[in-house]
Amino acid sequence: QVQLVESGGGLVQAGGSLRLSCAASGSVFRIGTMGWYRQAPGKQRELVAKTTSGGGTNYADSVKGRFTISRDNAKNTVYLQMNSLKPEDTAVYYCNAAGKVYSYTPELYYWGQGTQVTVSS
């Protein structure tokens, strides 16, 4: 079983910055793609950014140039540096990771509990 623990959310003024962290722990053979999703009230959960174990990245158009995703494979941790925050970035941010508990088990996707990010205008 893989557990994802997020930290770093909070309240910030527009134009400010926040850094989210998500650490994967538990019985894990390998962690693959890790990413961040967000869900605003009344909206569907959407991809913000993701990164492969090899360092490849993918961003939502709405955050390109403002957010940076990175990871520390040795610590099974993914980060999201969010700069130039806008009120429309307000949402619950969820960490997601693909993990294999054993080499012979299938890769499953796990979710964190979510962390609130609120950007005031």
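The values are calculated or read from the model by the stated rules, or taken from the named source; none is laboratory data. Source: prediction; values computed, not measured. Backbone-built Cβ (ideal geometry, glycine too); neighbour counts: all protein chains shown. To get the accessible areas, we keep the full protein, side chains included, count just its heavy atoms, and leave off ligands, DNA and RNA. Shrake-Rupley method; radii C 1.70, N 1.55, O 1.52, S 1.80 Å.
Rounded, prolate or oblate, given the Cα gyration tensor of the stretch 1-92, with a/c below 1.5 counting as rounded? Mind showing how you got there, number by number?
Numbers: a/c = 1.84, a/b = 1.68, b/c = 1.10.
Prolate, since a/c reaches 1.5 and a/b exceeds b/c.
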The summed charge of the Ile31 Cβ neighbourhood (under 14 Å; Lys/Arg +1, Asp/Glu -1) stands at +3
Between Gln113 and Gln1, what is the label-point separation in nm under the 7 Å Cα-to-beta-carbon projection? 1.4
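What full-extension length gain, to one decimal in nm, is calculated for Gln44 and Asn58 as 0.36 nm per residue of separation minus the Cα-Cα distance?
Numbers: separation 14, 0.36 × 14 = 5.04 nm, distance 1.89 nm.
So the extension gain works out to 3.1 nm.
By the scheme Lys and Arg +1, Asp and Glu -1, what is the net charge of all other residues having a beta-carbon under 13 Å from that of Thr57? Mind showing how you got there, number by number?
On the way: positive: Lys50, Lys64, Arg71; negative: none.
Summing Lys and Arg as +1 and Asp and Glu as -1 gives +3.
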Which whole-Hz ³J(HN,Hα) couplings does the stretch 62-79 yield from phi under the Karplus relation 6.51 cos²θ - 1.76 cosθ + 1.60, θ = phi - 60°, glycine and proline marked x? 5, 10, 4, x, 10, 10, 9, 9, 8, 8, 10, 5, 5, 9, 6, 10, 10, 10
Given labels modelled 7 Å from the Cα in the Cβ direction, how far is it in nm from Arg66 to Gln81? 1.7
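Tell me the Kirkwood hydrodynamic radius of the stretch 23-73 in angstroms, computed as one over the mean inverse distance between distinct C-alpha pairs.
With all distinct Cα pairs of the stretch 23-73 included, I get 12.3 Å.
Percent of Cα-Cα pairs more than 17 Å apart in the stretch 47-121, please.
On the way: 1421 of 2775 pairs.
Across the stretch 47-121, Cα pairs with separations above 17 Å total 51 percent.
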Lys86: which lysines have alpha carbons under 26 Å from its alpha carbon, excluding same-chain residues fewer than 8 sequence positions away? Lys43, Lys50, Lys64
Residues of the chain: accessible area per residue with a 1.4 Å probe, Å²: 52
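Whenever you get a sec, compute what percent of the accessible area on the chain sits on carbon and sulfur atoms (1.4 Å probe).
On the way: 3040 of 6300 Å².
Whole-percent figure for carbon plus sulfur exposure: 48.
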Only residues of the stretch 80-109 count here: report those whose backbone N is under 16 Å from the spot 7 Å along Cα→Cβ of Ser27, or say none. 99-108
